[in-house]
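Structure first, then comments.
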Amino acid sequence: MTKKKMEMDIVNPNCAGIDVGSRSHYVAVGQAMEDVKEFGVYADDLTAICLHLKEYGTTSVAMESTGNYWQNLYVELERHGIQVTLCNGKFTKHAKGKKTDVKDCRWIQKLHALGLLTSSFLPDQTTEQLRTYCRQRTNMIGLAAEASNKMQKYLKLLNFRLDVVVNDICGLTGLSIIADICKGNLDPQKLSALRHGNCKTSQEEIAKALKGNNRTDFLFGLKQEYESYLFYQKKIEDCDKQINTFLKDQINTNPEKKKLQTDDKKHKRINKNAIKGIDLNQASYQYFGGVDLMKIEGLSHSTILTIMSEVGPDGFEKFKSAKEFTSWLRLAPNNKISGGKILSSKTPKGSNRLKIALRHSANAIGNLKDTHLSDFFRRVAYRKGRATAVSATARKLGVIIWIMITKKVAYK
């Protein structure tokens, strides 16, 4: 009895595999040991990698998306006209045996040659620039929130219970009182006189809450955190100006987008962390070429900005269907079937900024009344609980957004 020999077709004949590292990159243009070469990570080394690949007639390269080490190499390869397949590390796990950088790059080259690696989603350069500004703004908001929490901690240690008499210590009343405390004014009566007219608490009650122990070390800590809070607020304003300028440049360069106008959404609340200096309702409508995402109930200004910066108008075209888009978001159930039975249908682990934003919107939809999406949320929550309803509604939002942008359909 003769043994059957199975052969696999070479899908990418002129390909290479790169094992990306923090201090060196290993490049394999074949499976022999002499086909592997080590390069550094400096700019000249990246250029040398491209020239090395050109010598062997390489047309496509596969590499893992390891940290941030791949980004400069990716840009250099694209600039030299080499097609890059950037894949998730879980698809290139090494076969049985000892793991080394040389074996890794050869294994990546073999998988890519057989067409077993798929590329990860990468936005276009315009969306990537906007993403950088928006992510920096999000980081500054997080640092400002951290400074606010530390201010509240020092106020409690000083026995200034400002958090009891005002809803937000970083509101108009709270910041005015904290600023005066940092200047050295510790008189409760004078501090309570800074109460804003919108504050519901009386001046007398605020004065009672501001009788503290006046410890100098806690006052020093409060002053430091207050200055940090003002610093981060200034950085957030700078980010807002940069995003505003960037969006206007993108819209004004296209006369057709510039003419588009949509109706105002006065029912959409604008919180204090929303981007300032730009009407995001009009800007998003023009940016997406006449698609009004603000019509969807539950979608806030921050969610719209996340969609613009994480995927962009052209990024949705890279997903062939809404199922692919929701699968990339990790909101679609991952069905595991064996013997005709579904063993598991859990949502895969993992998250990205757009998934988090859609889940926040889905949670807000759960608090609405008499809307199509809120009714859907309650039906799922009644059967499987609120946590499952948040995921299901977030997935539904992803499908709606994909259809609206790719097919230019208005929300109904």
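Take the residues of segment 13-35 that are open to solvent by 30 Å² or more (accessible area, probe 1.4 Å) and not in a helix (DSSP H, G or I): which is modelled with the highest pLDDT? Among those residues, the one meeting the criterion is TYR26. Restricting segment 239-256 to residues that are charged (D, E, K, R) and open to solvent by less than 100 Å² (accessible area, probe 1.4 Å) leaves a set whose member that is modelled with the highest pLDDT is ASP240. The single condition from (1) in a loop (DSSP other than H, G, I, E, B); (2) under 27 Å from ALA144 (Cα atoms) that GLN261 fails is (2). When LYS259 is tested against (1) basic (Lys, Arg); (2) closer than 24 Å to TYR133 by Cβ; (3) loosely packed, with under 14 Cβ neighbours inside 10 Å, exactly one condition is not met: (2). Return the residues of segment 93-114 that are assigned to a loop (DSSP other than H, G, I, E, B), open to solvent by 40 Å² or more (accessible area, probe 1.4 Å) and closer than 28 Å to PHE319 by Cα; say none if nothing qualifies. Of everything in segment 93-114, just one residue is assigned to a loop (DSSP other than H, G, I, E, B), open to solvent by 40 Å² or more (accessible area, probe 1.4 Å) and closer than 28 Å to PHE319 by Cα, namely LYS93.
Can we say ARG395 is open to solvent by 70 Å² or more (accessible area, probe 1.4 Å), of a type in the set (Lys, Arg), farther than 25 Å from GLN125 by Cα and in contact with a Leu (Cβ under 6 Å, 6 or more places away or on another chain)? Taking the combined requirement at face value, the residue satisfies it. LEU130: open to solvent by less than 50 Å² (accessible area, probe 1.4 Å), closer than 30 Å to LYS248 by Cα and not in a loop (DSSP other than H, G, I, E, B), yes or no? Answer is yes for this residue. Considering segment 375-402 alone, what residues qualify as being more than 30 Å from GLN136 (Cα to Cα), outside any loop (DSSP other than H, G, I, E, B) and among the small types (Gly, Ala, Ser)? Matches in segment 375-402: ALA381, ALA389. Output the residue which, of all residues in segment 154-204 that are β-branched (Val, Ile, Thr) and open to solvent by less than 50 Å² (accessible area, probe 1.4 Å), is farthest from LYS223 (Cα to Cα). Looking at residues that are β-branched (Val, Ile, Thr) and open to solvent by less than 50 Å² (accessible area, probe 1.4 Å), I get THR201. In segment 161-226, counting only helices (runs of 4 or more DSSP H) that sit wholly within it, the ones holding 2 or more residues that are over 22 Å from ASN271 (Cβ atoms) and not charged (D, E, K, R) span 172-182, 188-192, 203-209.
The values are calculated or read from the model by the stated rules, or taken from the named source; none is laboratory data. It should be emphasised that the depicted structure is a prediction, and the values quoted were computed from it without experimental measurement. Backbone-built Cβ (ideal geometry, glycine too); neighbour counts: all protein chains shown. Keep in mind that these areas ignore ligands, DNA and RNA; they rest on the heavy atoms of the full protein, side chains included. Shrake-Rupley method; radii C 1.70, N 1.55, O 1.52, S 1.80 Å.
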